[in-house]
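To start, the structure under review is shown below, and the notes come after it.
The values are calculated or read from the model by the stated rules, or taken from the named source; none is laboratory data. All of these numbers come straight from a predicted model, not from anything done at the bench. Glycine also receives a Cβ, built like all others from the backbone with ideal geometry; neighbour counts cover every protein chain displayed. These area figures cover heavy atoms from the full protein model, side chains too; ligands, DNA and RNA do not enter into them. Shrake-Rupley method; radii C 1.70, N 1.55, O 1.52, S 1.80 Å.
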Amino acid sequence: MSITIQPELESRLRARAEAEGLTIESYFERIARDDEEAEAELEALALEGPDSGPSIEGSAQYWGATRSQLEKS
């Protein structure tokens, strides 16, 4: 398969592949595999969400309290 990309992007991708000791082909295969795995994980999380507990209202008060808790930790 042949893909045309901007030379600047190609250089960056080749540099990343070489830094990891991979051919550009192997690097692209890994990127594609990682993308498929991430998509499957996201789908699993989306399907799990409705069964994760009682629903909450995402009001301004809720987000303010959540932000305060995060700032304290």
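List, in order, the whole-Hz ³J(HN,Hα) value for each residue of region 53-64 obtained from phi through the Karplus relation with A = 6.51, B = -1.76, C = 1.60 and θ = phi - 60°; use x for Gly and Pro.
For region 53-64, the Karplus-derived couplings read x, x, 6, 10, 8, x, 7, 4, 5, 4, 5, x Hz, x marking Gly and Pro.
Calculate the FRET efficiency for E8 and A38 from the Cβ-Cβ distance with a Förster distance of 30 Å, rounded to the nearest 0.05.
0.75
To the nearest 10 square angstrom, how much accessible area does L9 have with a 1.4 angstrom probe?
We get 60 Å² for L9.
At 1.4 Å probe size, with no ligands or nucleic acids counted, give the accessible surface of T4 in Å², nearest ten.
130
Please list L45, L13, L70, L22 from largest to smallest accessible area, probe radius 1.4 Å, with all protein chains kept in place.
The ordering from most to least exposed comes out as L70, L45, L22, L13.
Please compute the per residue accessible area over the chain with all protein chains in place, 1.4 Å probe, rounded to a whole number of Å².
92
For the chain, which whole percent of the accessible surface, found with a 1.4 angstrom probe, sits on carbon and sulfur atoms?
53
Return one quarter of the surface area of the convex hull spanned by the alpha-carbon atoms of the chain, equal to its mean projected area, in nm².
9.3
Could you give the distance between the Cα centres of region 25-42 and region 52-66, to the whole Å?
For region 25-42 versus region 52-66, the Cα centre distance is 33 Å.
Taking the chain as the reference, fit the longest principal axis to its C-alpha atoms, fit the long axis of helix 24-48 to the helix C-alpha atoms, and give the angle between the two in degrees, 0 to 90, nearest 10.
20
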